[in-house]
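One structure is given below, encoded as C-alpha cells.
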Amino acid sequence: MDPEPESTEPRRGDRFADLTGRGVTAGTRGVLAAGRATGRGLSSTFLFARRAARAEGAGDTGLSRLIELHAVSAAGDAAVTISLAGTIFFANPGGARGPVLLFLGLTMLPFAVVAPLLGPFLDRFSHGRRWAIGFTLAFRALMCLLMADAVASKSLALYPTALGTLIASKAYGVARAATVPRLLPEDQTLVKANSRIGLAGIVGAAVSAPLAALAASFGGQWSLRYGFVVFAGATILAVLLPAQADATAGEKRVGKREKFRLPATIVFALRCNVGLRMLSGFLTFFMAFVLTKNPFSSWHHSTEILLALVIGAAGLGNTVGIGLSSVLKRMNPAIVIVVGLLADAVVAVCAALFYGLLASIALGLTIGVAQAMGKLALDATIQRDVPENFRTSAFSRSETVLQLSWVLGGLLGVALPTSHPVLGLMLLAVLIVSWTVFVLLGRIRESRSPDLPVASDATREA
C-alpha cells in the first residue's frame, strides 16, 4: 500500500510560515513570543489599574470612570507637550531669556480667560457637567488637528491653536475638579480621591509619552495626530460618565447668584499654596540657568545630567506626594498644607547655607512633594466648603492665583544673576520664610476673630 502523500498545507505549529513557504525562524518566533508576553503584561497592567480605580467604592459611584477619563486626558496632554517641546517651549533652556519670558507670558494667557469667563460659565452647566467636560476634550482634539497642519506647513497658526489647547486644558481641569464631590464614595476622602485621579494622570502620561515620542520621530505633526485620536476617545468617555456627575441632589446651593467670597479656610489654603508654587517656578527657571551656565565643579560637561537630577527630583517629589496622599487614611488638609510650607522654608534655608548637588536635589524633592500634597489639600478644601453653583468659579480663581504665583517665581528665577547662585538661594530663603511667617500670623489673627467661619466636616478629609 502506497504511503499517503504528505500534505502541502502548513502544519499547526507552522501557522506563521512566511510567504516563501519556509517555517518561521527562531528569531521570528522569539519576536512573536516577546510580543505575546508584552501583550499579556499590558493586559495584566490594565486589569490591575482598573481594579485599583474601582477600589473602595469608586466603581459603584462612578468615580472610577472619572479616574480613567483623566488618565486618557493626560495621555493626550503628553502627546501635545512632546510635539511642542522643541518648537515653542524651551528650545534652548539655558540660552537667551527672551523666549523663556515669552513662555511665562503665554502660560498666563489661558487664565485670563478661564478665571473671569469660563469659570462662571461652567458653573451654569451644573446639570450638564458631562457635556462641559466632553466639550473641552473635543475642542482639544480639534486643536490637535489644526496644530498638526500648522506644524507640517510651519504656519503661524501654531501659536493660536496651542493657546486654544491650553485654555481648553485649564477649563477641563476646573470642570473635572468640580465634579469629584458628586462621585465621591462614602469610604473615601476628597484628598484621596483627588490623589488617585492625579496618579491616574501620571500613569496615563507615562504610558503615552513613549508612543507620542515614537510618532514625533516621524514629525511633530504625527504626535499631534496621535493626540487627536486620544482626545477623541476621551470625549466619548466623558459623555459616558455616570448620570450622577450631572446630579445636584443634596448639594448646598444658594437661591440668588450673588457676588461670591472665598471662605477663610480656602483663603488660608490658597495663601500657603502661593508660597509652594513660587518655589516651584523659581526652582524650574533659576536652576535651569544656573546649572547650564555655572554647573557644579567636575560637572561642566554633564549639564544635562545635572538638570535631570535637580529638576527631575521635583518631578519625582510630585509623584511621591500624590502617592502618599492616596495611601494615607486620614489627613487634615490644613495641617498638610502648613507642614508642606514649613518643610519648604527649612529646606530652602539649608540649600542656601549648604549649596551643592545634594542640597539642590533635596530642595527639588521637597518642593515637589509639598506642592503636590498642598494642591490636593487645597482642592479638597474647595470641594468641601464651596457651594455647588460657585465651585467651578472658585477653582478657576485658585488656579489663576497659583499659576500667577508660579510665573512670579519663574520671573524671579530668570531675573536673578546666575553668577552668584548662593545669593539667589539666600534671597529665595528669605522670601519663603517671610511669606510663611506672614501666612501663619494671619491665620492666628483670623482664628481669634469671632466672625471666622468654621469648616464643617473637617475630619472627613483628615
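The values are calculated or read from the model by the stated rules, or taken from the named source; none is laboratory data. Since this is a predicted model, take the numbers as computed values, not measurements. Every residue, glycine as well, gets a Cβ built from its backbone with ideal geometry; the counts of neighbours run over all protein chains shown.
Specify which of the listed residues (206, 234) is out of contact with any strand residue (DSSP E or B) (no Cβ under 6 Å at 6 or more places or on another chain) and surrounded by 17 or more Cβ atoms within 10 Å (Cβ to Cβ).
Values: 206 fails: surrounded by 17 or more Cβ atoms within 10 Å (Cβ to Cβ).
On inspection, the qualifying residue turns out to be 234.
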Requested in this report: Output the residue which, of all residues in segment 395-426 that are more than 27 Å from the chain's Cα centre (by Cα) and among the polar types (S, T, N, Q), is surrounded by the most Cβ atoms within 10 Å (Cβ to Cβ).
Outcome: 418
Query raised in the report: Does residue 384 qualify as being in contact with a Gly (Cβ under 8 Å, 6 or more places away or on another chain), more than 18 Å from residue 318 (Cα to Cα), in the same structural domain as residue 290 (by TED's automatic domain parsing) and assigned to a helix (DSSP H, G or I)?
Result: no
Query raised in the report: Just one of the numbered conditions (1) buried (at least 22 other Cβ atoms within 10 Å of the Cβ); (2) among the small types (Gly, Ala, Ser); (3) modelled with pLDDT of 90 or more is not true of residue 193; which one?
Result: (3)
Report task. State yes or no: is residue 352 surrounded by fewer than 24 Cβ atoms within 10 Å (Cβ to Cβ), in a helix (DSSP H, G or I), without any contact (Cβ under 8 Å) to a residue 60 or more places away in the chain and not assigned by TED's automatic domain parsing to the domain that holds residue 196? Result -> no
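Looking at this structure, is residue 327 under 20 Å from the mean Cα position of the chain (by Cα) and surrounded by fewer than 19 Cβ atoms within 10 Å (Cβ to Cβ)?
Numbers: under 20 Å from the mean Cα position of the chain (by Cα): yes; surrounded by fewer than 19 Cβ atoms within 10 Å (Cβ to Cβ): yes.
Answer is yes for this residue.
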Report summary line: For segment 280-304 the number of residues that are β-branched (Val, Ile, Thr) and modelled with pLDDT of 80 or more is 2
Query - Counted residues, segment 143-160 - those being free of Cβ contacts under 8 Å to residues at least 40 places away in the same chain, more than 16 Å from residue 78 (Cα to Cα) and crowded, with 17+ Cβ neighbours inside 10 Å - result: 2
Query raised in the report: If you check residue 146 against the conditions, is it hydrophobic (A, V, I, L, M, F, W, C) and either touching a Leu at 6+ places or on another chain (Cβ under 8 Å) or more than 23 Å from residue 403 (Cβ to Cβ) (or both)?
Result: yes
